[in-house]
Amino acid sequence: MMTILEENYTLNNGVKIPKLGFGTWLIDDDKAGASVQTALACGYRYVDTAQAYENEHGVGEGVRVSGLKREDVFVSTKVRAEHKDYQSAKDSIEVSLKALDIDYIDLLLIHAPEPWAHFHEGDHCFEGNLEAWRAMEEAVKAGNVRAIGVSNFEDVDLDNIFQHCEIKPAVNQLLTHVGNTRFDLLDTAKKNNILVEAYSPIAHGEMSHNPTLTKMAERYDVSVPQLMIRYCLELGTLPLPKASSEAHIKTNAEVDFNISAEDMQTLHDMPKVTDYGEASDFPVFSGR
C-alpha cells in the first residue's frame, strides 16, 4: 500500500503533483537548503516557496544537492502580490528561475489578488492580475513553467481570469484548516477542476491544545497536527505543512488514516479561529 508521500493528484493540464507538500514560509534563506534536504530525505517530493519568502535560493540549493533527479521533485513558487503589470511579473519570473537554479518551475502562482498592504480592501486589481497572468502564460509556452495558478483568490478574482485566460488556473492556494475553511471556494474549485492547496493546515500551531481536537486525535492515536493535516486531505485538498525539526517533518507525513464521516462533520462545524497569536498581524490571518 502506498503512503501519502507516494500519492499524486493530477492537475487539469495533466501534470501530476504530490498529495502532500513541504511549506517553507518563514524559513530563512540560509536555513532553507538544509530544511528542504531534510524533507526530501524524509520522502517529501513537493516543496513550496514564494518570491515573498525570500528563500528561493536556499530552496533551490536544497533540491540541487538532494541527490534526486530534477523530475522527481515538484517545486512551486509565487509571483509577488505587488507585481500587477506585465513587465514586473515577467522580470520577477526570470529572477525566480535564476534564484532557484533548477531549470524550470513546476507550478507558478500569483501570490494574492491584491498587494499585501491592501489585502481584502476591495480593489481586486483585475487588470493587473490579467497582466501578471499573461506573463505567466508566456512562461508556460516558453517551457520555463509547467503549470500556473493563483493563491488567495476569491470567486470574483477567479472569474476575471476565466474570462480572459488562454491557460486555465490549475491551482488556488488557500488558507485552509480546521476552524477556517472556505467551503464556498472549495466548491468553486471543484466545479472548475482546480486543485486547492491548503496552506497553514495546522493553523500556525494555534489549535494544538484545543480540547475537541485533542480528544479526537487521541482516539485515532495521532497528534493534533496529524489530525488537521488529514482533515485537509479528506477534503481533497493538498496540505502544505511547515516544520523545522526532522521529527515534526516526519510525523507531519504520517497521516495514512481516515477520519470518519461523523468526525469530519464535527471538524466542519468547529468555530471559526479568530486569534492566531503572534501570527495575527500577517494579512492572511488578519480577517480583513
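Can you tell me which residue is nearest to Leu195 (Cα to Cα) among those in region 99-137 that are modelled with pLDDT of 95 or more and among the charged types (D, E, K, R)?
Asp106
Going by the conditions given, is Gly149 farther than 25 Å from Ala34 by Cα and under 18 Å from the mean Cα position of the chain (by Cα)? Let's see the steps before the verdict.
Values: farther than 25 Å from Ala34 by Cα: yes; under 18 Å from the mean Cα position of the chain (by Cα): yes.
So Gly149 fits the description; yes.
Can Thr188 be described as in contact (Cβ under 8 Å) with a residue 24 or more places away in the chain, crowded, with 17+ Cβ neighbours inside 10 Å and in contact with a helix residue (DSSP H, G or I) (Cβ under 6 Å, 6 or more places away or on another chain)? Steps first, please.
On the way: in contact (Cβ under 8 Å) with a residue 24 or more places away in the chain: yes; crowded, with 17+ Cβ neighbours inside 10 Å: yes; in contact with a helix residue (DSSP H, G or I) (Cβ under 6 Å, 6 or more places away or on another chain): yes.
When the stated conditions are applied, Thr188 passes them.
I'd like the full set of residues that are of a type in the set (Ser, Thr, Tyr), crowded, with 23+ Cβ neighbours inside 10 Å and in a loop (DSSP other than H, G, I, E, B), limited to region 1-43. Please lay out each step first, then the result.
In the first step, residues of region 1-43 are kept if they are of a type in the set (Ser, Thr, Tyr); the result is 3, 9-10, 24, 35, 38.
The next check asks that each one be crowded, with 23+ Cβ neighbours inside 10 Å; those that pass are 24, 35.
Hit for region 1-43 is Thr24, nothing else.
Mind listing just one residue for me: the one in region 244-263 that is buried (at least 16 other Cβ atoms within 10 Å of the Cβ) and among the hydrophobic types (A, V, I, L, M, F, W, C) and, of those, nearest to Val222 (Cα to Cα)?
Val255
Which residues, counting only those in region 75-99, are surrounded by 22 or more Cβ atoms within 10 Å (Cβ to Cβ) and not charged (D, E, K, R)?
Of everything in region 75-99, those that are surrounded by 22 or more Cβ atoms within 10 Å (Cβ to Cβ) and not charged (D, E, K, R) turn out to be Val75, Ser76, Thr77, Val79, Ala81, His83, Ala89, Ile93, Ser96.
The values are calculated or read from the model by the stated rules, or taken from the named source; none is laboratory data. It should be emphasised that the depicted structure is a prediction, and the values quoted were computed from it without experimental measurement. With ideal geometry, Cβ positions are generated from the backbone for all residues, glycine too; neighbour counts draw on all protein chains shown.
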